[in-house]
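One structure is given here, and the rest of the page talks about it.
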Amino acid sequence: MSHLVKTIKVLFFGLGIVFATMIALAFTSKPFYWWYNLGQNPNEETSVSRPETIVMLGGAGMPSEDNLMRLYHTATLARHFEVPVILVHPEDSLCQAEMTRLLRQDGIDSILYMTEGANTRSQALELMSKYPKLSEKQVIVVTSPEHVRRTVKCLNKVGFQNVIGKAAYPATVDFDLSLKKQKLGGNEAIPSVESVKMRYTFFNYLKLEITCLREHLALAYYRIKGWI
């Protein structure tokens, strides 16, 4: 019993250190750059000057923040380069149809589909199986920033060499979020929280830390499996 108690104490002490470190880091800009760097193309030597296809990996749910951002960047690239889009998403009753509708609404008429695969590895294998000639072409793959590194490396592993990742970064606001000179009312005895960092940035960065930790665990798992 004493060994169990010691183990639990060590576990909680370790978790406490991790949590305290995450809290401290959330007051800095490090979580943002950690997340931002995950969205950079992992193969610096690979360049795509004129892509022949845009591959979009569908996110979860529709509408959802992830999918809408990916659709926006996919449509922008497809219009600019005038190339077809391959939409990678399991066939279902709503999401695929709604994504197609939004792409067509943005002027994208040439849309192909890859509906097999439930994770990045299986989707990469199915993409190679269904579109083998794509491995010889220049391809841009669009996904969420935290997934870019894993996606590109998975595609490289199955034979895609001329592929780069495009992170679907959201645009940031550039207006003043301070509360000065704003009429808010309420209990005047309680001071307003003027700090934007405390109101928004701290919690956003805390969420980014969790996102990045989860992605690094996924990357470690994929390496152990030999998928990247």
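The values are calculated or read from the model by the stated rules, or taken from the named source; none is laboratory data. Note that the structure is predicted; figures quoted are calculated from it, not measured. Positions of Cβ are generated from backbone atoms using ideal geometry, with glycine treated the same way; all protein chains shown enter the neighbour counts. SASA here: full protein model, heavy atoms, side chains in, ligands and nucleic acids out. Shrake-Rupley method; radii C 1.70, N 1.55, O 1.52, S 1.80 Å.
Things to note:
So that you can scan it fast, the table gives a plain yes or no per residue for (1) exposed (fewer than 15 other Cβ atoms within 10 Å of the Cβ); (2) of a type outside the set (A, V, I, L, M, F, W, C); (3) more than 18 Å from the chain's Cα centre (by Cα):
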position	(1), (2), (3)
Leu11	yes, no, yes
Leu15	yes, no, yes
Val18	yes, no, yes
Ile23	yes, no, yes
Ala26	no, no, yes
Trp35	no, no, no
Pro42	no, yes, no
Glu45	yes, yes, yes
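- Elements of type helices (runs of 4 or more DSSP H) contained in the stretch 39-131, each with 1 or more residues being in contact with a Pro (Cβ under 9 Å, 6 or more places away or on another chain) and more than 17 Å from Phe160 (Cα to Cα): 65-81, 95-105
- Of the residues making up the stretch 3-55, those that are at pLDDT below 90, within 25 Å of His80 (Cβ to Cβ) and not β-branched (Val, Ile, Thr) number 8.
- Scanning the stretch 103-130 for residues that are out of contact with any strand residue (DSSP E or B) (no Cβ under 7 Å at 6 or more places or on another chain), surrounded by 13 or more Cβ atoms within 10 Å (Cβ to Cβ) and basic (Lys, Arg) gives a single hit, Arg121.
- The stretch 131-156, residues that are open to solvent by 30 Å² or more (accessible area, probe 1.4 Å) and touching a Leu at 6+ places or on another chain (Cβ under 6 Å): Arg149
- Verdict on Leu71 being among the aliphatic types (A, V, I, L, M) and surrounded by 15 or more Cβ atoms within 10 Å (Cβ to Cβ): yes
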